[in-house]
Structures are given as C-alpha cells and as structure tokens.
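Here is the structure we will look at, set down as structure tokens.
Each value in this text was obtained by applying a stated rule to the coordinates, not by laboratory testing. Here the structure is a predicted model, which means the values were calculated and not measured. Don't worry about glycine lacking a Cβ; one is built from the backbone with ideal geometry, like all the others, and counts go over all protein chains shown.
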Amino acid sequence: MLHKIQSQTTSRDQMIDITDQVRAVLRQENVKDGVVTIYCPHTTAGITINENADPDVVRDLLLRLDEVYPWVHPQYRHAEGNSAAHLKASTMGASQTVPVVDGQLLLGTWQSIYFCEFDGPRRRTFYVKVQKD
C-alpha cells in the first residue's frame with residue numbers, strides 16, 4: 001500500500017527527521033521483512049539518510065549546500081529564482097530505499113531518514129511504499 005504523508009516546513013532550508021513516520025507505516029502495515037521506499041514528488045525538496053545524533057551534522061550539510069549552491073548567482077536563468085533549490089534537491093535525490101528486517105528499518109546506529117526542504121516554508125508531501133517479502 002502507498003502511504004501519503006504531509007508535512008509543513010518552517011524555513012527555506014530544512015532537514016526534517018521523518019524516521020518515526022516511516023516506522024509508523026511499518027507498524028500499520030505489520031511488516032516483518034521487506035523493503036520500504038520513501039519518495040519525494042517535489043523538484044525543490046528531497047530525501048536523504050544521514051546522522052541523527054549530532055544536530056551539527058544537519059547544520060553543516062545545509063551550510064555547505066548553501067556554499068556550493070548559493071541562492072543568488074549572476075548566471076542563474078530560471079525565472080522562478082529558485083535554481084539553488086533545484087540543484088540541492090537533485091544532489092540529495094528524490095528517494096531512499098531501506099531494507100526492513102524483523103519489523104525494523106535496517107538503518108545504522110546513527111542514521112535517520114530526512115525530508116530535505118530547499119524552497120520553503122511550504123506544505124509538502126512524501127510517499128512511503130512498503131514491499132513485503
């Protein structure tokens with residue numbers, strides 16, 4: 001079953017830990033083993049997996065993305081003015097796939113799944129699809 005989850009972001013650049021929401025879907029679906037895919041249907045947002053223990057990791061990721069893809073650049077041509085958001089979203093990617101073993105996401109000790117906002121604040125959607133073994 002496909003699950004649609006909505007979230008409100010609160011700033012232009014933001015990484016929201018959505019791991020618990022994905023786990024809730026696994027419980028609801030009563031999944032023992034399989035694979036879960038988390039997909040973002042937006043061109044200025046993405047999904048990634050990274051460290052959850054130290055909030056400075058998220059801060060540093062967002063800082064460096066801003067350095068690599070500044071919001072304003074004299075050669076950007078996109079009429080909406082959000083080229084940096086498109087570049088950041090493409091860098092992070094639109095989806096992540098995680099194995100499920102014994103009802104648990106097979107994530108590393110310090111890993112979480114993040115919804116990455118790059119053109120907020122906005123009302124956003126992501127999808128969770130479970131494939132059972």
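Couple of notes before you dig in:
- Each label point was placed 7 Å from the Cα along the Cα-to-Cβ direction; for Arg77 and Thr43 their separation is 1.5 nm.
- Label separation (Leu106 vs Gln6): 3.5 nm, computed from points 7 Å beyond Cα along the C-beta direction.
- Taken one residue at a time, the phi angles of the stretch 63-69 give Karplus couplings (6.51, -1.76, 1.60, θ = phi - 60°) of 4, 5, 4, 5, 5, 6, 10 Hz. Gly and Pro are set to x.
- Sequence-distant residues sharing a close amide H with Thr43 (under 5 Å, placed H): none
- Radius of gyration and maximum dimension Dmax of the chain, Cα, Å: 15.6, 52
- Listed cross-link partners Lys4/Lys129; Lys32/Lys129; Lys4/Lys32 are compared with a 19 Å cut-off, the Cα-Cα value being larger for Lys4/Lys32.
- Charge dipole (debye, nearest 20) of the chain; +1 at Cβ of Lys and Arg, -1 at Cβ of Asp and Glu: 520 debye
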